[in-house]
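Written below as structure tokens is the structure these notes are about.
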Amino acid sequence: MSGIPGPALRAASVLPEPLLWAAYFRRVQYDIRGLGRTGEPKKSLLSRGTGAALDAVSFLVDDDEPLPDLPPEVIVFGAAPDCLAHRHAKAGGVLWALTPQRLAFVDSRETTPPEPEPTSFVGKAWKFGKDVVNSVSGTEAPREWFVKSEVPAAMIAGFAMGPRGPRLSLVDGSGFDSPLAEPEAAEWLIAKTMGGR
């Protein structure tokens, strides 16, 4: 056990209203004209060609195995950049929580100020060792969780099964798809969502 609270427990500690569901979404992709998969503006053809050439050189020089392209947990879609879904997903955090009142994007920040970077070799070695111990033991700096962005219920148009899985649609036609591989997970998400609407 890592000791990290589950998404529902974490969201309940921040939101005063009843919770329908909560999930950590770290792999978010975008399906919006003019934006790349990461939600940033697409590059021109010239810069894309240069980037592809640099990627090819990096691939030939790099000895490490490339990481597999993991499927997204959420796909943000919309007709154009700065649609409601794009605006809130880019502003929000890794913890998404749906309540009868809103879709909340919850994020965290450290509550203790960061330590100054050491300048001596011994200081740097000590800090590196401390970071390794904290990483292995699962110890992390205390964090404060807060709602970073939210979509009020009045801006949510509906929730149903879409072409890529459960789909939460917003009033401007944009929204969020959850391409869940397991049918049971999709059915559970729809049941939890529809139970509060």
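For segment 78-97, the set of residues classified as farther than 20 Å from residue 16 by Cα and in a loop (DSSP other than H, G, I, E, B) consists of 79, 80, 81, 82, 83, listed by residue number.
Results for (1) under 28 Å from residue 98 (Cα atoms); (2) polar (S, T, N, Q); (3) modelled with pLDDT of 90 or more, shown as yes or no for each residue.
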{"site": "3", "(1), (2), (3)": "yes, no, no"}
{"site": "15", "(1), (2), (3)": "yes, no, yes"}
{"site": "37", "(1), (2), (3)": "yes, no, yes"}
{"site": "44", "(1), (2), (3)": "no, yes, no"}
{"site": "54", "(1), (2), (3)": "no, no, no"}
{"site": "81", "(1), (2), (3)": "yes, no, yes"}
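Pairing residues of segment 142-158 that are more than 13 Å from residue 97 (Cα to Cα) and open to solvent by 60 Å² or more (accessible area, probe 1.4 Å) with residues that are hydrophobic (A, V, I, L, M, F, W, C) and in a strand (DSSP E or B), at Cβ distances under 8 Å and at least 6 apart in sequence or on separate chains, gives 157/170.
Every residue, every condition in (1) under 16 Å from residue 23 (Cα atoms); (2) at pLDDT below 70; (3) open to solvent by less than 20 Å² (accessible area, probe 1.4 Å); (4) in contact with a strand residue (DSSP E or B) (Cβ under 6 Å, 6 or more places away or on another chain), yes or no:
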position	(1), (2), (3), (4)
57	no, yes, no, no
61	no, yes, no, no
72	yes, no, no, yes
76	yes, no, yes, yes
99	yes, no, yes, no
102	yes, no, no, yes
105	yes, no, yes, yes
120	no, no, no, no
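The values are calculated or read from the model by the stated rules, or taken from the named source; none is laboratory data. For clarity, every value in this text was computed on a predicted model and none was experimentally measured. Cβ sites come from the backbone with ideal geometry, for glycine too, and all protein chains shown count toward neighbours. What goes into the accessible areas is simple: the full protein's heavy atoms, side chains included, and nothing from ligands, DNA or RNA. Shrake-Rupley method; radii C 1.70, N 1.55, O 1.52, S 1.80 Å.
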